[in-house]
Amino acid sequence: MECLDTISDYAFRSIGFGERLLPRTDFTLCQQFTLIGSGMIWNVYFGVVALLSGFFLATAVALGKAARNPVIRKASEWFIFLFRGSPLFIQFFFAYFFFLSLKSQYDFFDPFTAAWLGALIVLFLNTSAYTGEIFYGALQSIPKGDTEAADAYGLSGWSRFRRVIWPTMLRLAWPAYTNEAIFLFHSTTLVYFSGFPAWGQKGDALYYASFFADKTFNPFVPYPILAFYFILLTLVIIGIMGRIGRRLNSHLPQDAKRPKFRFRPQIIR
Amino acid sequence: MGFYVSFGTVLLLLAITAPLAMTFGMGGAMAARSRVLPLSWLGKGYIAIVRGVPDIAFFLFFVIALDQGIELLRHQIKCPDWPDAVRQGNDFIVCAQAKMPLGNSPQWMHETYGFFIAVFTFAIVFGAFAANVLFGAMLAVPRPQVETAESYGMTRRQTFWRIIVPQMWVYALPGLGNLWMVLIKATPLLFLLGVEDIVYWARELGATKTPQFTAYPHGDWRMWYFLALLVFYLAFTKFSEFILERTMRRLTRGQATSGGEAQRRAAG
């Protein structure tokens, strides 16, 4: 099968394995599917790593914004404002040129100008800010009864946070957090469209989609393929997050009113 | 010079897009509410489709599709007896008279055309989001208000224009404000659409485009240009937040919401 050859040639093209030369003429549907799918590796990588690492910083930022200490509170507020108030695009551009100018002085910053690390840091900080705001909102709406019960049991400090506040916060924030996760995966497409160059034509899904659109002058094939992959990814995310959400809510009566997930995409960061 | 003009381009885009998107939004929401089924499907379909397709893919796709669509339409009208197929393999060829704008028109025509294509795209996309917000706000107007209007014998149309529309803004404003913030942040996308906006100039100025070449007479200033853009957007966002907050306070006055109630208590 010709298509199997294409898949074995290009399935891992985006991370530098397989055939080095991209197709030049006679673009087949199979090539487009394979290469755009290959690019998805990067989108998944950026999304997963940024989401997992951002989760912890987000919790810290949310607690910081709710803190009584004005220095910590102001710092968290400004962190959130800085990353939520400016376009992700500009953040990528700025970070890239910032790392570039650091690199010219210290060799240590060499990997930071590559997308796999530099863009990841930006996405990590960005999602931390957005998620921090979501978690802060959830923190504010924890039922008073829950914390009173914790106090009545004599819980305080870390164990109070770990056993009562944190699980409740996650439970309340989960639907919004699911949207944020979807939204983050969508915004990973911006990485190679802003400052960060795709060395050796190793780019993400949108990079290959626009490559094909440029080469064939026909946007009606590659972009729907891209959309297809992203819809698939979105469904996977909803599935996984839904399972975790059910687990977070499993102690509640099954017919009780619980936060429900509604798909609410936003268009751009 | 172009760098400063480009700030104007961004502000102009916002100034034109916002009312246009509101018009689309209002149209979409009214269509979705309509009792005529096809119209209601049209409105709901518009909201669902545009909101469902994510991100910049829509911008990249829609601009080319719109451009080619217009040219195809003009081609059909102006050159009905064109012998060749328009889509030859990978090429898209229309006759010279159908080119939009015409090949011999001056540079500024091309730029303006590109700008308006961008405005239209933004308006379509944000119109769908605005339609969704307005549709929700219309439903959020307390039911007794509508019932009272009906008991006074107002028609559906009168109820809509005299009762629902004046009251819905307080419910719509948070969503619309959010949308405005998103719109501000979406403007750097202009550079993807080929309009010479601030991102374009920040990339061009003080540096060549290739990142390998770093021996400038004055160092690489692009970092500072982008820092300036970052500050510009942050300041703009802060300013918008301030305005929105004031508007919200003005609108909640006398409304049967918890915000309005709090205001009444504080005053009285």
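Points to keep in mind about this one:
- Residue within the range A:91-101 that is under 28 Å from residue A:138 (Cα atoms) and of a type outside the set (Asp, Glu) present: yes
- Boolean, residue B:140 is among the small types (Gly, Ala, Ser) and under 30 Å from residue B:12 (Cα atoms): no
- Filtering the range A:223-232 for residues that are of a type in the set (Ser, Thr, Tyr) and more than 8 Å from chain B (Cβ to nearest Cβ) leaves a non-empty set.
- Residue that is surrounded by the fewest Cβ atoms within 10 Å (Cβ to Cβ), among those in the range A:190-233 that are farther than 26 Å from residue A:51 by Cα and hydrophobic (A, V, I, L, M, F, W, C): A:220
- Per this entry, residue A:235 is counted among residues that are part of a helix (DSSP H, G or I), within 30 Å of residue A:170 (Cβ to Cβ) and either modelled with pLDDT under 75 or out of contact with any helix residue (DSSP H, G or I) (no Cβ under 7 Å at 6 or more places or on another chain) (or both).
Conditions (1) closer than 22 Å to residue A:48 by Cβ; (2) modelled with pLDDT of 90 or more, marked per residue:
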position	(1), (2)
A:72	no, yes
A:75	no, yes
A:79	no, yes
A:93	no, no
A:98	no, no
A:104	no, no
A:108	no, no
A:114	yes, no
A:121	yes, yes
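- Residue in the range A:174-189 that is crowded, with 23+ Cβ neighbours inside 10 Å, more than 18 Å from residue A:128 (Cα to Cα) and more than 9 Å from chain B (Cβ to nearest Cβ) present: no
- Within the range A:83-92, the set of residues being within 8 Å of chain B (Cβ to nearest Cβ) and either surrounded by fewer than 16 Cβ atoms within 10 Å (Cβ to Cβ) or within 18 Å of residue A:195 (Cβ to Cβ) (or both) comprises A:86, A:87, A:88, A:89, A:90, A:91.
- Residues being surrounded by fewer than 19 Cβ atoms within 10 Å (Cβ to Cβ) and within 14 Å of chain A (Cβ to nearest Cβ) - total across the range B:144-183: 6
- In the set A:150, A:95, A:60, only one residue is within 23 Å of the chain's Cα centre (by Cα) and crowded, with 18+ Cβ neighbours inside 10 Å; that residue is A:95.
- Residue that is at pLDDT 90 or above and over 15 Å from the mean Cα position of the chain (by Cα), where the choices are A:228, A:161, A:212, A:220: A:161
- Looking across B:236, B:242, one residue alone is touching a residue at least 40 places away in the same chain (Cβ under 8 Å), within 14 Å of chain A (Cβ to nearest Cβ) and under 22 Å from residue B:180 (Cα atoms). It is B:236.
- Residues within the range B:129-155 that are in contact with a helix residue (DSSP H, G or I) (Cβ under 9 Å, 6 or more places away or on another chain), in a helix (DSSP H, G or I) and more than 25 Å from residue B:49 (Cα to Cα), tallied: 5
The values are calculated or read from the model by the stated rules, or taken from the named source; none is laboratory data. Please read all numbers here as calculations on a predicted model, not as lab measurements. Neighbour counts run over all protein chains shown; Cβ positions are idealised from the backbone, glycine included.
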